[in-house]
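Novice: Below are the structure tokens for one structure; questions will follow.
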Amino acid sequence: MLRVTTGTAKGKKLQLPNTQKLTAVQEVVKLAMFAIIGDRIENSRCLDLYAGSGNLGIEALSRGAGSCDFVDESKYAMEIIQKNLKSCGFTDSATPMWDEVLKFLANTESTYDLIFADPYYTDTNHRHLLKLAVARLTPTGVLFMLSSSTKPPVDIPKELVEQLQVETRRYGKTLLTIIAKRLTSRP
């Protein structure tokens, strides 16, 4: 059972889409991500990709994010996200979008302070996803990407290596990759 861990919706239970491909984010991973985010969450603009139940975006809203867009290619997942948003009281600060993630990222002009990407662990080629998601980050934005710890880490495209700060952490079957734009010093 998924639940919101902290904030205005603390303790609210979230419905989970019934699909074989979906794996819910372990609570320990979610808590670690939000510990890293800290106060940066306040009034931030968030994006939850491969949103599934909306777990990560709803947690962000509960902790004080200003808004969150939710993207998933499953109509069923969109229905579940809408139910979860309603039960947590976040319908005014959230926008669920039924779309393919790569198509959405390629076509949006919106930028985000925090992006959560939890693609299916059976998918292994995330280079294009990474490139598109990084382009949607604000200058101080951070991308949190989840993948299987049994697969190789996310492959950073060569043209982005010097522009990004990358850190990985393992939590059981989950590899958390934290990606931020490298801040350049100004004269």
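Novice: Report, by residue number, each residue of the stretch 105-120 that is over 14 Å from the mean Cα position of the chain (by Cα) and not aliphatic (A, V, I, L, M). Spell out the reasoning first.
Specialist: Here is the first cut: in the stretch 105-120, the ones over 14 Å from the mean Cα position of the chain (by Cα) are 106-110.
Residues satisfying the conditions are Asn107, Thr108, Glu109, Ser110.
Novice: Could you list all residues from the stretch 125-182 that are among the hydroxyl-bearing types (Ser, Thr, Tyr) and surrounded by 13 or more Cβ atoms within 10 Å (Cβ to Cβ)? Reasoning before the result, please.
Specialist: Taking the stretch 125-182 first, the residues among the hydroxyl-bearing types (Ser, Thr, Tyr) are 138, 140, 147-150, 168, 171, 174, 177.
Selection gives Thr138, Ser147, Ser148, Ser149, Thr168, Tyr171, Thr174, Thr177.
Residues checked against (1) of a type in the set (Asp, Glu); (2) touching an Asp or Glu at 6+ places or on another chain (Cβ under 7 Å):
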| position | (1), (2) |
| --- | --- |
| Gly7 | no, no |
| Val28 | no, no |
| Gly38 | no, no |
| Glu42 | yes, no |
| Gly64 | no, yes |
| Val71 | no, yes |
| Lys83 | no, no |
| Ser87 | no, no |
| Pro96 | no, no |
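Novice: Is there a residue being under 11 Å from the mean Cα position of the chain (by Cα) and under 20 Å from Leu176 (Cα atoms) anywhere in the stretch 18-25?
Specialist: yes
Novice: While we're here: Give the stretch 54-72 a look and list any residue that's part of a helix (DSSP H, G or I), within 18 Å of Gln26 (Cβ to Cβ) and in contact with a strand residue (DSSP E or B) (Cβ under 8 Å, 6 or more places away or on another chain), or say none.
Specialist: Asn55, Leu56, Gly57, Ile58, Ala60
Novice: Within the set of pairs 6 or more residues apart or between chains, which connect a residue that is within 17 Å of Leu137 (Cβ to Cβ) inside the stretch 48-66 to a residue that is among the β-branched types (Val, Ile, Thr) and not in a helix (DSSP H, G or I) with Cβ atoms less than 6 Å apart?
Specialist: Sorted first by the residue in the stretch 48-66, then by its partner, the pairs are Leu49/Val71.
Novice: Which of the residues belonging to the stretch 131-162 are in contact with a strand residue (DSSP E or B) (Cβ under 7 Å, 6 or more places away or on another chain) and of a type in the set (A, V, I, L, M, F, W, C)?
Specialist: Correct list: Ala133, Val134, Leu137, Val142, Leu143, Phe144, Met145, Leu146, Val154, Ile156.
Novice: Pairs needed: first member in the stretch 11-30, under 16 Å from Ala60 (Cα atoms) and assigned to a loop (DSSP other than H, G, I, E, B); second member anywhere, modelled with pLDDT of 90 or more and aliphatic (A, V, I, L, M); C-beta distance under 6 Å; at least 6 residues apart or different chains.
Specialist: Lys12/Val4
Novice: Pairs please, first residue from the stretch 115-137 and over 15 Å from Lys151 (Cβ atoms), second anywhere and at pLDDT 90 or above and among the charged types (D, E, K, R), Cβ atoms under 6 Å, 6+ apart in sequence or on different chains.
Specialist: The qualifying pairs are Phe116/Asp48.
Novice: Hey, another quick one. Would you confirm, using the coordinates I've provided, whether Leu85 is crowded, with 17+ Cβ neighbours inside 10 Å and either assigned to a helix (DSSP H, G or I) or touching a residue at least 60 places away in the same chain (Cβ under 8 Å) (or both)?
Specialist: yes
Novice: Still on this model: Determine which single condition Tyr76 fails, assuming it passes every other condition in (1) crowded, with 20+ Cβ neighbours inside 10 Å; (2) over 18 Å from Leu176 (Cα atoms); (3) in contact with a Pro (Cβ under 6 Å, 6 or more places away or on another chain).
Specialist: Tallying (1) crowded, with 20+ Cβ neighbours inside 10 Å; (2) over 18 Å from Leu176 (Cα atoms); (3) in contact with a Pro (Cβ under 6 Å, 6 or more places away or on another chain), Tyr76 fails exactly one: (1).
Novice: Could you grab me the full set of residues in the stretch 31-49 that are surrounded by fewer than 23 Cβ atoms within 10 Å (Cβ to Cβ) and either assigned to a strand (DSSP E or B) or not small (Gly, Ala, Ser) (or both)?
Specialist: Selection gives Leu31, Met33, Phe34, Ile36, Ile37, Asp39, Arg40, Ile41, Glu42, Asn43, Arg45.
The values are calculated or read from the model by the stated rules, or taken from the named source; none is laboratory data. No experiment lies behind these values; they were computed from the predicted model shown. Here the Cβ is made from the backbone with ideal geometry for all residues, glycine too, and neighbour counts use every protein chain on show.
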